[in-house]
Amino acid sequence: QVQLVESGGGLVQPGGSLRLSCAASGSLSSVYAMGWYRQAPGKQREMVATITTGGSTVYADFVKGRFTISRNNANHTVWLQMNSLKPEDTAVYYCNAEEVEDGHLYEHWGQGTQVTVSP
């Protein structure tokens, strides 16, 4: 099993910065990608950024140039550096890990951390 623990959420003013972290534990040898998703009240969960163990990244259009995802493959820790935050970035941010084991795809999710951008 894979367990994900997120931290770093909080309250920040517009234009400010925040850094989220996600620590993965458990059976991690088959994990090939990790990422961040977010969900605002009444809205669908959406992808923010993902990164593979090889370092390939994908960003949602609404965060390009503002957010940066990084990782440490040795311990499967991922970070999301969030700059120039806007009120519309307010959401619960979830860490995600994907793995392939015995030819099957598995997804794992953290508990979520609240990010609030408000003056």
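Miscellaneous remarks
- Probe 1.4 Å, accessible area per residue of the chain, Å²: 52
- Surface composition of the chain: carbon and sulfur make up 48 percent of the accessible area, probe 1.4 Å.
- Taking the empirical scaling 2.2 N^0.38 Å for compact globular proteins as reference, the chain has a Cα radius of gyration ratio of 1.03.
- Mean projection of the Cα convex hull over all viewing directions, computed for the stretch 76-119: 4.1 nm².
- Derived scalar couplings between HN and Hα for the stretch 2-9 equal 10, 10, 10, 10, 9, 7, x, x Hz in order, rounded to whole Hz, by the Karplus curve 6.51 cos²θ - 1.76 cosθ + 1.60 (θ = phi - 60°), x for Gly and Pro.
- Relative contact order computed over the chain (Cα-Cα under 8 Å; 6+ residues apart), in percent: 36
- Counting every alpha-carbon pair across the stretch 15-66, the share separated by more than 13 Å comes to 70%.
- Among beta bridges from DSSP that stay inside the chain, the antiparallel ones total about 95%.
- Residues considered: 38, 71, 19. Largest GNM mean-square fluctuation over the chain, using C-alpha springs under 10 Å, is found at 19.
The values are calculated or read from the model by the stated rules, or taken from the named source; none is laboratory data. Remember, it's a predicted structure, so these values are computed and weren't measured experimentally. Accessible surface areas use protein heavy atoms only, side chains included; no ligands, DNA or RNA. Shrake-Rupley method; radii C 1.70, N 1.55, O 1.52, S 1.80 Å.
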